[in-house]
Amino acid sequence: MTAIRDSSSRFGLPATTDRRSTTAPPEQVADGVRLLRGGTRLAMNVVLIDEPDGAGVTVFDAAEPGMASAILAAARERGGIRRVVLGHADNDHRGAAPYLGAPVLCHPLEVAAAEAGGHRDYWRMGELPLPVRLLHRTLMARRWEGGPVRIDGTVREGDQIAGFSVVELPGHAPGLIALFREADRVALVSDALYMTDMLGRPQDPAVPEVAYNHDTERARASLERLADLEPRIVVPGHAGPLTEDVVGALRRAARA
């Protein structure tokens, strides 16, 4: 697949990207893996993975639409975006995807939600404390939601992407996936693991917030499965990465 370079002029960026999210310079977290932090408290993570053949990058997760320009700029330095892979279809992980001018892939169980846009039908925001609920509704409407995403293909357990294997970790979302590279035991896990609280502040590794989970017990089981892979570095969808006592931290989170 040919690398696709900056195409913002062709696709047009939404109004939310006019108020560009604050972003930090990309930071290398592993060989050929760069983390782009943006959004409130720099808690939104987008991962750029160098393609083994040198033809651009794979973007894992797409955060909020205001990060689109920064994602395009960071990818341009590496040869452009070859594809975008969504860890799952929540709006703060697909927000910039429609504006990156590249094919978008996700798990089959996430296709309908990505192409519909908006909220997930299983979210129970009424269970959140009132201040958090009000904050999230505002952020979803004004910062996180980038609209429906056309899905160009799907990925499943065991598929190979840019030197990583797809690992299915359902629970927070029905089709949540991680990417795992066995050679150096790097795991990119989207929202299988939370390292921020609902206000975006750093916290100890934890199972995702119950009000946003499709199935919390499956989310716990997925963290145990992730621990079984014995990762050395875990890059979640927000904050992190987790680099110390990784397996122990994952097991404690799963059993808390």
Problem set entry | Of the criteria (1) touching a helix residue (DSSP H, G or I) at 6+ places or on another chain (Cβ under 6 Å); (2) assigned to a helix (DSSP H, G or I); (3) closer than 23 Å to residue 97 by Cα, which one residue 171 fails | (2)
Problem set entry | Qualifying positions in the stretch 152-191 - hydrophobic (A, V, I, L, M, F, W, C), in contact (Cβ under 8 Å) with a residue 60 or more places away in the chain and closer than 20 Å to residue 43 by Cα | 173, 176, 177, 178, 179, 186, 188, 189
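Matching residues to (1) in a helix (DSSP H, G or I); (2) closer than 20 Å to residue 173 by Cβ:
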{"residue": "211", "(1), (2)": "yes, yes"}
{"residue": "218", "(1), (2)": "yes, yes"}
{"residue": "222", "(1), (2)": "yes, yes"}
{"residue": "227", "(1), (2)": "yes, yes"}
{"residue": "238", "(1), (2)": "no, yes"}
{"residue": "249", "(1), (2)": "yes, no"}
Exercise. Are any residues in the stretch 224-256 without any contact (Cβ under 8 Å) to a residue 40 or more places away in the chain and either surrounded by fewer than 18 Cβ atoms within 10 Å (Cβ to Cβ) or within 18 Å of residue 197 (Cβ to Cβ) (or both), and if so, which ones?
Worked result: 224, 228, 243, 244, 245, 247, 248, 251, 255
For this session: Only one of these is more than 13 Å from residue 44 (Cα to Cα) and touching a strand residue (DSSP E or B) at 6+ places or on another chain (Cβ under 6 Å): 148, 103. Name it.
Result: 103
Seminar exercise, completed: Within the stretch 72-85, residues surrounded by fewer than 20 Cβ atoms within 10 Å (Cβ to Cβ) and part of a helix (DSSP H, G or I) come out as 73, 76
Exercise. Is there any pair with a first residue in the stretch 107-124 that is buried (at least 19 other Cβ atoms within 10 Å of the Cβ) and a second that is among the basic types (Lys, Arg) and not in a loop (DSSP other than H, G, I, E, B) whose Cβ atoms are under 6 Å apart and which are 6 or more apart or on different chains, and what are they?
Worked result: 114/94
For this session: Scan the stretch 125-158 for residues that are more than 22 Å from residue 72 (Cα to Cα), surrounded by 17 or more Cβ atoms within 10 Å (Cβ to Cβ) and modelled with pLDDT of 95 or more and report the count.
Result: 1
Exercise. Considering the stretch 86-103 alone, what residues qualify as being surrounded by 22 or more Cβ atoms within 10 Å (Cβ to Cβ) and out of contact with any Phe, Trp or Tyr (no Cβ under 6 Å at 6 or more places or on another chain)?
Worked result: 86, 87, 88, 89, 90, 93, 94, 96, 97, 98, 100, 102
Problem set entry | Residue list for the stretch 125-168, filter: assigned to a helix (DSSP H, G or I), of a type in the set (D, E, K, R) and over 21 Å from residue 98 (Cβ atoms) | 127, 133, 137
For this session: Give the number of residues within the stretch 119-148 that are more than 18 Å from residue 67 (Cα to Cα) and in contact with a Pro (Cβ under 8 Å, 6 or more places away or on another chain).
Result: 0
Seminar exercise, completed: Residues in the stretch 48-71 that are part of a helix (DSSP H, G or I) and surrounded by fewer than 19 Cβ atoms within 10 Å (Cβ to Cβ) total 0
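The values are calculated or read from the model by the stated rules, or taken from the named source; none is laboratory data. Just so it is clear, the model here is predicted, and its values are computed rather than measured. Cβ atoms come from the backbone with ideal geometry, glycine included; neighbour counts cover every protein chain shown.
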